[in-house]
Amino acid sequence: MPDCPTCGKPLEPTTTKCSSCGAELHRACAKRTMGKSYCKNCYKEAKKQARFERMAQREALGREKPGKMW
């Protein structure tokens with residue numbers, strides 16, 4: 001039986017698939033966003049990509065990077 005890519009434990013019948021890469025993982029290990037499940041790696045990459053897109057949008061509008069709040 002294959003192992004969960006997030007925690008490394010054997011997979012049991014209550015599994016879910018990553019919406020991006022299709023890897024099977026435990027429901028508890030999946031990150032859920034807007035009704036879809038993602039594995040740890042895909043979630044981290046998407047979060048990084050979204051950050052870069054926000055930076056590009058900010059730069060296109062002529063704004064600088066936001067400063068520290070505290």
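A short reminder: the numbers here are calculations on the coordinates, not readings from a lab. Note that the coordinates shown come from a computational prediction; the quantities given were computed from them, not determined experimentally. Cβ coordinates were reconstructed from backbone atoms using ideal geometry, including for glycine residues, and neighbour counts include every protein chain displayed.
Side notes on the structure shown:
- Charge sum, other residues only, whose C-beta stays under 14 Å from Lys44's C-beta, Lys/Arg counted +1 and Asp/Glu -1: +4
- Dipole magnitude of the chain about its Cα centre (Cβ charges: Lys, Arg +1; Asp, Glu -1), debye to nearest 20: 360
- Our compactness index for the chain, the C-alpha radius of gyration over the empirical 2.2 N^0.38 Å, is 1.52.
- Of Cys4, Gly62, Thr16, farthest towards positive along the dipole that unit charges on Lys, Arg, Asp, Glu beta carbons give the chain: Gly62
- Expected 222 nm ellipticity per residue - DSSP helices of 4 or more, -39500 (n - 2.57), all of the chain, to 500: -10500 deg cm²/dmol
- Pairs of lysines in the chain (C-alpha under 25 Å apart; 8 or more residues apart or interchain): 25
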